Amino acid sequence: MENPIEHLDLGFVNFTKHPENPNFVVYRFTDPERANSFRAELIANNISFEEDTEKKKQLIYTLFAIHTKYYNQSMQINIKVEGKHKKPLIPFRIFRWTVLLFGLGILLLAILSYCKHMSYLKEQTEQIK
């Protein structure tokens, strides 16, 4: 009996082993723009692939099967495509800078507090001697 956990897909990554042929890796994209960028990069790098679509849970997946000998190249292309289409974690520039400056302020206060507390401890130790 095969392991059911091996085929559990939580969607954290967009690639998996081919279900029938272990010599292939399958990349999947729900966004047509990402799929088009991935296809264009594969063609530009002369990587042979097979393409298909699959409808699952009201989503249309574009699937790319790539031989494992191109795994490292295809993974670099995958990361490049994801980075190209990635949205910022904090979309508003003012809010981004506010969070950054607030974090740096807290860090600065922690460092100053540490330094002041160390001098206080040094004074207390000298009084005990």
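Rounded to the nearest 10 degrees, the inclination of helix 32-44 to the longest alpha-carbon principal axis of the chain is 70 degrees.
Taking other C-beta atoms within 10 Å as the exposure proxy, 37, 74 rank 37, 74 from fewest upward.
Sorted ascending by nearby beta carbons within 10 Å, beginning with the fewest, 15, 29, 24 become 15, 24, 29. Between helix 93-128 and the chain there is an angle of about 40 degrees, using the helix long axis and the longest principal axis of the Cα atoms.
The ranking of 61, 120, 71 by Cβ neighbour count inside 10 Å, starting from the fewest, reads 120, 71, 61. Between 86, 56, 69, the GNM of the chain built on Cα springs shorter than 10 angstrom shows 56 fluctuating the most. Bridging of residue 116 to lysines at a Cα separation below 25 Å is possible for 129, once same-chain residues fewer than 8 apart are set aside. Taking each of 17/55; 17/86; 55/84 in turn, the alpha-carbon distance tops 21 angstrom for 17/86; 55/84.
FYI, it's all coordinate maths here, none of it is from the lab. These figures come from a predicted structure and were not determined experimentally. Virtual Cβ from ideal backbone geometry, glycine too; neighbours counted across all protein chains shown.
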